[in-house]
2 protein chains.
Amino acid sequence: MTEINDTPHDEIIREDVLDDDNRLTDEFVRSVSDAVSDNDTTLAQELVNPLHNADIADLFELVDSDERAPLAAALGDLVSADVLAEMNEHVREDLMDALDASQIADLTEQLDTDDAVAIIEDLEKGEQQAVLAELDAEDRAAIESALTYDEETAGRIMQREFVAVPEHMMVGDLIDYLRKNDDLTTEFWEIYVVDPAFRPIGTCQLSWILRTPRDIAIADVMKREQSLIPVNMDQEEVALRFQKYNLISAAVINDDGRLIGMITVDDILHIVEDEASEDVLLLSGAGDGDINEPIRNSYIARVRWLIANLATALVASFVIAIFGAAIEQMVALAVLMPIVASIGGNAGTQTMAVSVRALAMNELTRSNTRRIIGREFRIALLNGATIAVLVGLGTGLVFANPMLGGVIAVAMLINIVIAGFAGIFVPVMLDRLDQDPALASSVFVTMITDTMGFLAFLGLAVGSGMVSL
Amino acid sequence: MTEINDTPHDEIIREDVLDDDNRLTDEFVRSVSDAVSDNDTTLAQELVNPLHNADIADLFELVDSDERAPLAAALGDLVSADVLAEMNEHVREDLMDALDASQIADLTEQLDTDDAVAIIEDLEKGEQQAVLAELDAEDRAAIESALTYDEETAGRIMQREFVAVPEHMMVGDLIDYLRKNDDLTTEFWEIYVVDPAFRPIGTCQLSWILRTPRDIAIADVMKREQSLIPVNMDQEEVALRFQKYNLISAAVINDDGRLIGMITVDDILHIVEDEASEDVLLLSGAGDGDINEPIRNSYIARVRWLIANLATALVASFVIAIFGAAIEQMVALAVLMPIVASIGGNAGTQTMAVSVRALAMNELTRSNTRRIIGREFRIALLNGATIAVLVGLGTGLVFANPMLGGVIAVAMLINIVIAGFAGIFVPVMLDRLDQDPALASSVFVTMITDTMGFLAFLGLAVGSGMVSL
């Protein structure tokens, strides 16, 4: 993604442009907005000119949505293809709506395949066809071929620009080859060594080449390749490979084992961030969770989750309804109910968050599931005992009713232990059923802790003879 | 971190060793365990020998904790410094307890400063001094100097091995310099160009050097440096710079602007993952959330949170207690209460997760806070109206009480709108007070939605004249 001329402007950025956290300041954003609304395009361009592409992209995300089109018009060529590549997809879609197919085609032709695909894959089918028709034959073929792979797989995020050489080549010949071939990419961190069938057999860091005399064969410098990425591999899996093996770039192969692309770590950084964020957002049912997403999409994603939650809350209500007579006899039960449910839910969420992350990081496997369950059980016992003593004593004293204190203490202990089990069983089961544990776990865990909490508390109250049904 | 001989074994890894997700299979882990418990070190080493260092580290994480020391003893030299560097810190600490200071010193001397520091910083003070005393003078100075910086800052994660050259140097001279100096690092992706005071003025990707004729000056190839990392910068901030500017490596400078270290993206990948995971875990109050953490630590982290939650649950109980008389008159109120609280809590959590991630990613700034609040308000209105209609109609029908349906509908709408505001205000306020929004937001948000939910629902029930106090 980084081009030699990524930042064409060597000027010093004024101090009031970026704050301590490297974000555009409110004052700066407003000064650009004002220039645009005053139709002072010269001033707007002067202000934005020193910015890095990533900051220009941020600027579009920070202004109100109705200011984006005028801002783009005012900035003109400063809104380069690289700026679009850096931009939040929803904001980019907004802007692209104003462009025609040939303008979009011109922009994407300046990008590496992976960035061009990221822009084109978001277009509607008809628009996509129109843009593809405007591209020159080579770019069109590369992008069409990328689009044949599933979204979020290696085939979509790889670039087709890479350097591959035969193993008998000498270091000196390689350097000459790189100097003489103007149409090679300038952006690569490793070269791949391939056999005559173009299957990768090794990888060579550029630093190793630079530190080796000209008359040594590449085969003697390279590391044998162990981390080939099949083109259909899910991007989350690709990211885990990069993390596990500390990769900077990786060769992508097709079903025949031929080298067809390269994935670089700068793109993986965004995927790691996205996938980890996705888990926070999925666990809370916030859908895509992007602050630039259209309101309609956010509404649909979230309300669906709230309705699912409503269904599970009904189960808890049903349990309470069974004990209606008991509550009428002792309203203190209704007062204390939320404590049992809330702490139980929290304990379940803790274990669930730990399990979901461990599953996502491939740290929780069949080999250690039993040990981890044992571990969570012991933590739950400790937590449950602590909370039971606190709540039991407090309740006994406040309501001057030791029996009620005993009942809530035992109910808390039971519910926290159940919460511990639920927090690990539910994600592990979903994972074994090939479902995303982050997506559905919290509905089930909360339902279990709410229901079992009320059942234990109200059931024990009746069982102890304190109240009757 | 990657060494040329990172994977010293070119053998093909047997198919049953790694599963489809690239995790060690249970069968393989058990076969190694069995070999160790049979004292068959030859077999154990034969099995483990073909593995990548990262997989050997995983093996230690997967076996039971009491099997780890015997496994290390059986594997001998296969447990290299690089394996330790890849290992989960808690598992590594377990193992290191069995080693004496000179053994630890021998291991760390084989690592780059950043990895050596990562190992030594976890040792207890006395042990740390003993290990430092065993190191040779140069390594000791480097590590002691790294330890003077705060944990989780650039100074801790940078390595002191990098390549820096003056700007008048020609490409050809640079290549000769790299070939002739054996004590230079072999692991670098970019070189830094410095002025006579050793202040970085530019960065040069190795690919640009390899594609340029020998007689061109480095100054004509380099990109002017814009992303210098101050040595005291927080690692989360460093990671954001890498993501924003698509960096592969970055120069670290001291207060005088002198180049003192280099951070590479492979280490950043782990930080991005950790920081994003941290947010999931902090939001759920699961502390460190590491499945290898000692039980005692997990217990302390989690129970503290549960007790905080208990305090906030008491506020909700207090509200219910005020309305005790109303609940005695109509037990349906107690039955329906958890629905109001649960859905409200969920709606708040959704907005909160979105806000916390947007803050962490520097996407939510003073410039767009007002717009995002407006956005969340509109989503909350839509969600609230939808849920209000569903719950209101359902309640009215089930309890044959239209007034009760109306009361719960209005209460739901109010609580979901309040939840939307709380979900964004609480994290933004904590952020402005320089607190971590992920750490404390959910206690406050849940307290607000629980309390306001009960207050709205029971208050409206009384206000409508359906019940009295």
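Tabulated results
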{"read-out": "Which listed pairs, of A:LYS244/B:LYS244; B:LYS125/B:LYS244; A:LYS244/B:LYS180; A:LYS223/A:LYS244, have C-alpha distances above 25 Å, in listed order", "value": "B:LYS125/B:LYS244; A:LYS244/B:LYS180"}
{"read-out": "Cα gyration tensor category, rounded, prolate or oblate, for segment A:302-376 with a/c compared to 1.5", "value": "prolate"}
{"read-out": "Cα gyration tensor shape for segment B:297-342, rounded if a/c is under 1.5, else prolate or oblate", "value": "prolate"}
{"read-out": "Sites A:GLU124 and B:ASP26 - FRET efficiency at Förster radius 35 Å, r taken between beta-carbons, to 0.05", "value": "0.15"}
{"read-out": "Extension gain (nm, one decimal) between B:ASP182 and B:ALA321, 0.36 nm per residue minus Cα-Cα", "value": "42.3 nm"}
{"read-out": "HN-Hα J in Hz across segment B:251-261 - Karplus 6.51, -1.76, 1.60, θ = phi - 60°, x for Gly and Pro", "value": "7, 9, 10, 8, 4, 7, x, 7, 6, 10, x"}
{"read-out": "Span from the segment B:146-212 Cα centroid across to the segment B:72-94 one, whole angstrom", "value": "30"}
{"read-out": "Alpha-carbon centroids, segment B:22-39 and segment B:325-339: separation in whole Å", "value": "57"}
{"read-out": "Per residue value of the accessible surface for segment A:295-463 (all protein chains in place, 1.4 Å probe), Å²", "value": "36"}
{"read-out": "Average other protein chain Cβ within 10 Å of Cβ, residues B:187-199", "value": "2"}
{"read-out": "Label distances, nm, B:MET169 versus same residue in remaining copies, Cβ-directed 7 Å point", "value": "2.5"}
{"read-out": "Calculated label separations, B:ASN254, copies of the chain, 7 Å along the beta-carbon direction, nm", "value": "5.5"}
{"read-out": "Per-copy distances of the A:SER65 label point, shortest first, in nm (7 angstrom along Cα→Cβ)", "value": "5.1"}
{"read-out": "For the protein assembly as shown, average projected area of the Cα convex hull in nm²", "value": "40.7"}
{"read-out": "Relative frequency of Cα-Cα separations exceeding 21 Å in segment B:164-283, percent", "value": "43"}
{"read-out": "Residue-averaged 222 nm ellipticity for chain A, from DSSP H runs of 4+ at -39500 (n - 2.57), nearest 500", "value": "-20000 deg cm²/dmol"}
{"read-out": "Semi-axis lengths (Å, descending) of the ellipsoid that matches the C-alpha gyration tensor of segment A:136-225", "value": "28, 15, 11"}
{"read-out": "Accessible area per residue in Å² at 1.4 Å probe, computed on segment A:164-283", "value": "34"}
{"read-out": "Residues of segment A:323-343 buried by at least 10 Å² on assembly (accessible area, 1.4 Å probe, chain alone as reference)", "value": "A:GLY324, A:ILE327, A:GLU328, A:VAL331, A:ALA334, A:VAL335, A:MET337, A:PRO338, A:ILE339, A:SER342, A:ILE343"}
{"read-out": "For the pair A and B, total buried accessible area rounded to nearest 100 Å², probe 1.4 Å", "value": "12800"}
{"read-out": "Dipole of chain B, positive end: most advanced residue of B:SER31, B:VAL335, B:LEU51 [Cβ charges, Cα centre]", "value": "B:VAL335"}
{"read-out": "Dimensions (Å) - chain A, Cα atoms, principal axes, largest first", "value": "91, 63, 44"}
{"read-out": "Within the protein assembly as shown, percent of DSSP bridges classed antiparallel, to nearest 5", "value": "75"}
{"read-out": "Calculated Rg and Dmax of segment A:295-463 using C-alpha coordinates, Å", "value": "17.4, 52"}
{"read-out": "Surrounding net charge for A:ALA130, when Lys and Arg each add one and Asp and Glu each subtract one, Cβ distance under 11 Å", "value": "-3"}
{"read-out": "Translational D in µm²/s for segment B:365-446 (Stokes-Einstein at 10 °C, 1.306 mPa s, Kirkwood Rh from C-alpha pairs)", "value": "113"}
{"read-out": "For segment B:349-365, residues shielded by at least 30 square angstrom of accessible area compared with the chain on its own, probe 1.4 Å", "value": "B:GLN350, B:ALA353, B:VAL354, B:ARG357, B:ASN362, B:GLU363, B:THR365"}
{"read-out": "Percent accessible area from carbon and sulfur atoms, the protein assembly as shown, protein chains only, probe 1.4 Å", "value": "53"}
{"read-out": "Sites B:MET169 and A:ASP173, calculated FRET efficiency, Cβ-Cβ separation with R0 35 Å, nearest 0.05", "value": "0.90"}
{"read-out": "Length-normalised contact order of segment A:150-250 in % [C-alpha pairs under 8 Å, at least 6 apart]", "value": "34"}
{"read-out": "By accessible area with a 1.4 Å probe, ligands and nucleic acids excluded, highest first: order of A:LYS125, B:LYS244", "value": "A:LYS125, B:LYS244"}
{"read-out": "Placed amide H near A:LEU18: partners under 5 Å, 5+ positions off or other chain", "value": "A:THR25"}
{"read-out": "Antiparallel DSSP beta bridges within segment A:164-283, percent to nearest 5", "value": "70"}
{"read-out": "Ratio Rg/Rh, restricted to segment B:15-148 and using Cα atoms, in which Rh is the Kirkwood radius", "value": "1.01"}
{"read-out": "Chain A: relative contact order in percent, alpha carbon pairs under 8 Å with at least 6 residues between", "value": "10"}
{"read-out": "Interface residues in segment A:382-431 - accessible area drops by 10 Å² or more relative to the isolated chain, probe 1.4 Å", "value": "A:LEU382, A:ASN383, A:THR386, A:ILE387, A:LEU390, A:VAL391, A:ASP431"}
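The values are calculated or read from the model by the stated rules, or taken from the named source; none is laboratory data. Just so you know, these numbers come straight off a predicted model, no measurement behind them. Don't worry about glycine lacking a Cβ; one is built from the backbone with ideal geometry, like all the others, and counts go over all protein chains shown. Accessible surface areas use protein heavy atoms only, side chains included; no ligands, DNA or RNA. Shrake-Rupley method; radii C 1.70, N 1.55, O 1.52, S 1.80 Å.
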